[in-house]
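The structure appears right after this line, and notes come after that.
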Amino acid sequence: MISENSNVPVLEFRNVYLSLNEKQVLTNVSFKLREGEMILLTGESGSGKSVLLRLAIGLLKPDSGQIFVKGKEIELMDESQLLAVRGGLMGIVFQEESLFTGLTVFQNAAYRLEEHGWQEEEIEKAVNEVLHFVGLDGEGSKMPAQLSGGMKRRLEIARALIGWPSIMLFDEPTDSLDPLIAAQVLDLVIRARDIEGITSIYVTKKPHEISYLSKFVASHVDETGVLIGEASFDLPRMTIMVLDSGHVVFYGTPREFELADCPSVRRMLTLDTHNHEADPYFEDPWDKSRTPIEELL
């Protein structure tokens, strides 16, 4: 359901510039993410996609320009306000594994709520609900080392979805997953969008994911069941944005994306032959002081 304040974007970049290590990473980036919308953010490696998400959640600050979350400028927020954004308003699934290896499945899912003072019974209800959503019922006492790669990724999604934030940021969440598990993750993203009404930015370099997320929808079958199938209509509130060397070179609907003659778009619609072995790895994505700046590129 779209609120009465839907005229105010839930996230807005205005003429944002950012350089890291004397390299221009984002140049004059402007866009609006409105309530109920999904932006599929794509582009080749090094185009600035992961950096954009870290700016959106306040882990980095722009050199110039403005970033607004529900009409409030991030640059003007104090640390407590930023924590509120990261702890309740927004959730993020990093490209790299970011689970706490010393905590159980339940504790990993619950830690954000504990930090924000939720009552024990509220936490238990919220954790059980989100673990059920991602198909990890009965796994709460396990440690991350006991989980498969696909289960770990689903737990990271559960941890980001805890408390049902109104905005989700997905940074290539299917990276390194086998095709079957990747498809399950995509279905979770669609369910979060269509059943829970979560606004999101989804980053990917995979053309087939853009097609899938643009054409498939989730709907209730009954009180307990959800069906995901191909839509017979163009999905509303779907936007594709393409970055090339930090510039927005395309911003439009999925149909416009398929027909665009922009060189960057045409490259994205060809087979992905990029060698991902050198893609960046973040030991601890939440710790700004320990993340090498050059790995953000």
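Some values worked out for this structure:
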| quantity | calculated |
| --- | --- |
| P(r) of the stretch 62-117 over all Cα-Cα pairs, binned every 10 Å from zero, in whole percent | 18, 41, 29, 11, 0 |
| Per residue Cα convex hull volume in Å³ - calculated over the chain | 143 |
| Residues Q119 and K72, FRET efficiency given R0 of 35 Å [Cβ-Cβ distance, rounded to 0.05] | 0.80 |
| Computed E for E230/Y251 - FRET, C-beta separation, R0 22 angstrom, nearest 0.05 | 0.35 |
| Pair-distance profile P(r), taking every C-alpha pair of the stretch 1-147, with 10 angstrom steps and integer % | 9, 31, 32, 22, 5 |
| Extension gain, R237 back to Q24 (0.36 nm per residue minus Cα-Cα distance, nm) | 73.6 nm |
| Relative contact order, percent, the chain [alpha-carbon distance under 8 Å, six or more residues apart] | 24 |
| Dipole in debye (nearest 20) - the chain, about Cα centre, beta carbon charges: Lys, Arg +1; Asp, Glu -1 | 580 |
| Globularity index of the stretch 200-259, i.e. its alpha-carbon radius of gyration over 2.2 N^0.38 Å | 1.33 |
| For the chain, with +1 on Lys and Arg beta carbons and -1 on Asp and Glu, the positive-most of I157, Y212, Q24 along the dipole | Q24 |
| Ordering of 201-207, 117-123 by burial proxy (mean other Cβ atoms within 10 Å per residue, highest first) | 201-207, 117-123 |
| Length added when fully stretched, E129-S148, from 0.36 nm per residue minus Cα-Cα | 4.8 nm |
| Neighbourhood net charge (12 Å Cβ-Cβ; Lys/Arg +1, Asp/Glu -1) for A182 | -2 |
| Segments 259-269, 240-250 sorted - mean Cβ within 10 Å per residue, highest first | 240-250, 259-269 |
| Overall Cα dimensions of the stretch 1-88 - principal axes, largest extent first, Å | 42, 29, 21 |
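Computed from the coordinates by the stated procedures, all read-outs in this text should not be read as laboratory data. All values reported here derive from a predicted model rather than from experimental measurement. We place every Cβ from the backbone using ideal geometry, glycine too, and count neighbours over all the protein chains shown.
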